[in-house]
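Take a look at the structure set out below.
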Amino acid sequence: MTEYILAKYNYWIYVVLMMIGLYAMMGKRNLVKKLIGMNIFQTSIILLFVSTGVKKGGATVPILMHAGHEHGAQLIQVSDYLNPLPHVLMLTAIVVSIATTGVALATLILIYKRYHTLEEDEILAIRRESRAYKTPRILNPTD
Amino acid sequence: MRNWFKLISMAAVIITGALLIYGTHDMPAWGDPDSPANSHVSPRYITEATKKTATPNIVSAVLADYRSYDTLGESAVIFTASISCFFLLRRIRNKEDHND
Amino acid sequence: MGEVIYSAKPLWAVLVSMGAAFLILLTGEKARNLRESWTILAALIKFGLVFSLIKPVLAGKTIEYTLITLLPGVALQFRVDAFGLLFGVVAATLWIPTSFYSIGYVRTLNEHGQSRYFFSFAMCLSAAIGVAFAGNLLTLLIFYEILTIATWPLVIHHEDTSAIAGGRKYLVYTLTAGCILLLAIGITYSLAGTLDFVGGGFLAGHGSPGLLILLLTLFIAGFGVKAGIMPFHEWLPSAMVAPTPVSALLHAVAVVKAGVFGCVRVILFVFGPELLQQLGVWTILAGVVAFTVVAAGLLALGQDHLKRRLAFSTINNLALIILGVSLLSKNAMTGGILHIANHAFMKITLFFCAGAIYAKTHKDHVSQLDGLGRQMPFTFAAFAIASMGLCGLPPVNGFISKWFLCLGAVETHQIVFLFVILTSAMLDVAFFFPIIYNGFFKKPLPDVAGKVDEAPLLMVLPLCFTALFSVVFGIFPNAFLNFFNIVRLAVTNVLGG
Amino acid sequence: MSDQLPALIIVAPLLGAFLTPIIGWWNRHLSHPWVLMVLTIPLYAAYSSLFKVIKNGPFGYNLGGWAPPWGIEYRIDYLSAMMLVLITTIGFLAAINAKSAGNTEFKGKEAQFYTLFLLQITGFLGIVITGDLFNVFVFLEISSLSGYGLIAHGEEGAPMATFNYIIIGTIGASFYLLGVGYLYMATGSLNIADLATLLPALYHSKMVLVGFAFFTTGVAIKMGLFPLHIWMPDAYTTAPNSVSTLIAPLMTKVAAYLLIRILFTLFKPDFALSVVPIATILGWLAVAAIVVGGVKALAQTDIKRMVTYIMVAEVGYIVMGISVMNRAGLTGAILHIINDACMLLCLFLVIGAISFKGHGREIYHFQNLNKKMPLTMAAFVIVALSMCGIPPACGFFSKWYLIMGTIVAKQWVFTATLLASSLINAVLFFRIIEKAYLAPPEDVAAGLDHTEAVIITRDKVPLTMIVPILISAAIILILGPLSGKIIETVIQHAVPAIF
């Protein structure tokens, strides 16, 4: 039992982190909180991925230490180095996460300019009010 | 209304979390060097990458060579995001209309 | 079945009016005479094409043309057999007088949207010929749906509240029917793997009896909507808000006949008489239809609006056709199928008359027609001839088909149905003869008294023409178009021998 | 040259996108012709790959020359070649349309707009062409991010709708990524073809099951499958017209493509048939989608919003075709991907033209519109008939296959839903056609219209709008009768042989 927990506990921690993020995305009514939740969610996925590349038993970062030597290639032991693939994938995923955050912040700026609040309930109330006496018109979002 | 909504979110989150943890049951133990993830595709990177790409950093080798199209996509993602922000936040002043 | 000829003629017969439709739209309101000449030209070419098919078909050949494959084993295919040809000939022939009549009608009344009117009209004819020549159920359905849509602009032509309401009702009924048909055809395809019409049916040996009965119900409900079978007839009287030439050609000939045509196709060429006998459902079917016959007749009695009365008479006669076919005996079938052609000629005459009266006097209620016969003698004479025919009096062609229907009813030993047919004839007398009597012998209403004043020539000539032919076909059923022979051949195709 | 076709399909629009800001900075009026020029390359490449596939069968392309499980592979088979053709064609038509609509909606920002436009198309193409699960994620994000940017620039409520879309879309993409992660942990591979051989041994592994669940949920979010459609109507209604013209027809279809890939290529059909009850779940969700989409569409008076709810129902159609798990159903689903994309393109083009002329989008604004825009309304009627499943428009044929699929599967509720949905569509569209083609009742009552030939003016929309409208309407009419041919040459090979 203890062994089982020791073998899995770090996955569970990521899952719990993930769920904190997911709850913030769905349950919070403040848009910035949602965005923060999104970041937590994405980061925990990245952690989960990276953790799959771990090899116990003395493996180190996948940079060859004696690559300069002629015969260095023959000495490479697979178990000596961490799995490089998850790292590669997560580099991309980090970039994606940053990019998404950037665009989301840009829309938040637009929203704030228009409604002067970032509380979803207040925005909905303003929109309901404005819809009551005028039909939507095409606006330049930067107005 | 609000509480009701939060309850649903909580339920969805718990279900998702339970599903994810259920999935970990069959997962290889953390750090197992013989797990499929560590033994199917990746060993070849470790043994071959330096030979074929002349780069000691295997992560760089995979990033920029084996999976270079992911990296191209990655740069496209950043480019997309920057253009999106530019597109959304740039102010067009009226006097620009008179220029042409 | 005999030899098969591969020829694109059926396709051209369909395309010619479709092409004309677009020429009409392009020509538009600015050059009315040119626009109308497209209609006439297309009508004549179409008649020529269809007419040229009669001879090879009577020689026992089938004309086939495959356009493209729609599904594995099902192509967009035209196949002209005797039964399809009968409908094709009727539609193509009657388009000619209707074209002339339409021109007279819309110009007399100075109707709006004439381009749209002629466009839709030509599309309808295209679709009707497509229905007639379709070689399988899917092709039939495709043209059937085109017909549905193309008729809608005609139904709502007047654009007033009642026209729009009528149009909506029409769409609700026919589009629902289209969906039911789609389902029925889907089931048929999944059962038999083919949809090609075969004289005597192709469904025998596929599926359980329960499923087949359900399938038949779906088919009859699907086609029965256009054919005005009783629970589904409501749209037809409402659609009478359309201009009269529309009611004439479409609601007496093309649209409703397409429904009847579909029913008959399904009964004889999909299920086949043997399978129906085996399933034992033909009596139920005949019973339902017989109810429609009588009920429609009774309802017609209560209508004061002339076109609505004609509409119920149409429902009555359509049911009579299906009754004939569902009796499954040789003579009943002959009578039923022949009635498709005969009823078309008589009913179109009646609608033409109603339109002529309306165009000239703006009267459309039966009670307003007193004494008009003296003012419009030709119109009323034609009306009298056609209604005599519908009552089954010789020498008009209605007599022949009703005679065969009665023979068939006797043949099957179902005296009930004989009574139904005779009752229906009585009811016809009851609701047509007062109109004729009042028209000729009652004192005219003050505002129309005294002057002989026929409708324009473009309207009177077509109606005299169709009335005349009703009589000619009564005396010589094989004159010109060989209707009787075609019908005989169609029945032989189904029953064999 | 022809060996490099698959790379060209992605690289050309991507490089084009990188260069667009420079060209636009130099002279912003050049950006539109530049985009059209760039798009001809993937258009050509897509068509020639389709013909190549039809002639020689599926082929792969190893990027950078690395063999598949280690490098990234582009895989072009019948289904992906068909999708490439669809995306490039629709993208090209939408790009033509963007000139007038986009130039008014994004005055002064043409360069950025066209850059995002090209990136959007690149993203779609990448998702379809690649044979690597993680590469799919990257392209999914390219298309999503450019979509967020484009949509947020729309009407009054657009930023809010976009933010919701970002949140939900990110959940979708992250779920997809989690799915990739779980499968990677189970097998150690990311290549679809490689995974397909490794997975059958692991079908009952909890890791694979959970991975599959997250895959499908993620894709369903992107696809807007009920009940995960909540972001869709707001986002596509508030989006600028030139943007919804591109994204609305394609995003859902590309996601549907992914679903088909996951269910039938990544996992073998017997996984869905015997291991998980996914078919049943998808089927009933599809029923709910069709019903809810139809009913909600009935409640709308804004036509653009109505169309977005119709999209919800149309997604239901495709998913229903997939869920019945037989040849006819899947054929119908794939055919409906093509047909529905063309129909939605035409609808959004028409809406764009109407808005461009300054007419409102409420149904009562359509009163007598035929007199003002006859060609546009003719196209609208064609789409409407196609949506109602009236032959010979293409909608009928996909509906036929879908119905056949449900009949073969003996799912009568599904059949009934499909039939009822065509009727709902008929109500939806005929109430607009009625308005557009009939004179206002008060005019009729006053006898105004009965006088003489009402002069019908020409549409007076720019050529760049009316031409795509007419082309898409023509495509709808032509695709119908050609569907037999399309199925014969392409789709029947795309359906797994087991059916």
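Throughout, read-outs are computed from the coordinates displayed, never taken from laboratory work. What you see is a predicted model, and the numbers here were worked out from it, not measured in a lab. Here the Cβ positions follow ideal geometry from the backbone for every residue, glycine too, while neighbour counts run over all protein chains shown.
Brief remarks follow.
- Inter-chain Cβ neighbour average for residues D:475-484, partner chain, 10 Å: 2
- Note on C:171-181: average number of Cβ atoms from other chains within 10 Å of each residue's Cβ is 4.
- Whole-number percent relative contact order across chain B, with pairs defined as alpha carbons under 8 Å at least 6 apart: 9
- Using alpha-carbon coordinates, inclination of helix D:31-56 to the longest axis of chain D, degrees: 50
- Projected onto planes of every orientation and averaged, the convex hull of the alpha-carbon atoms in the protein assembly as shown covers 51.7 nm².
- Placing +1 on the Cβ of every Lys and Arg and -1 on the Cβ of every Asp and Glu, with nothing else charged, gives the protein assembly as shown a dipole about its Cα centre of roughly 1420 debye.
- Qualifying trypsin sites (Lys or Arg not before Pro) for the stretch C:23-53 [loop in DSSP, other Cβ within 10 Å: at most 16]: C:K30
- Cβ crowding within 10 Å averaged over residues, with D:151-157, B:14-20 ranked highest first: D:151-157, B:14-20
- Relative contact order of chain C, defined on C-alpha pairs under 8 angstrom at six or more residues apart (%): 15
- Rounded to the nearest 10 degrees, the inclination of helix D:78-105 to the longest alpha-carbon principal axis of chain D is 40 degrees.
- Averaged over C:143-155, number of beta-carbon atoms from partner chains that fall within 10 Å: 2
- Length gained on full extension, D:L463 to D:F51, computed as 0.36 nm times the residue gap minus the Cα-Cα distance: 145.2 nm.
- Ascending count of other beta-carbon atoms within 10 Å, so fewest first, for C:C263, C:C391: C:C391, C:C263
- Summing Cβ point charges (Lys, Arg +1; Asp, Glu -1) relative to the Cα centre of the stretch C:4-495 gives a dipole of roughly 520 debye.
- Chain C: calculated mean residue ellipticity at 222 nm from DSSP helix runs of at least 4, using -39500 (n - 2.57): -24000 deg cm²/dmol
- C-alpha center-to-center spacing [the stretch D:222-240, the stretch B:22-82] in angstrom: 34
- Degrees between helix D:5-26 axis and first principal axis of chain D (Cα, 0 to 90, nearest 10): 50
- DSSP H segments from chain C that extend 15 Å or more along their own axis, Cα-based, with Kyte-Doolittle mean of 1.6 or above: C:9-27, C:137-155, C:209-227, C:282-301, C:377-391, C:415-441, C:457-475
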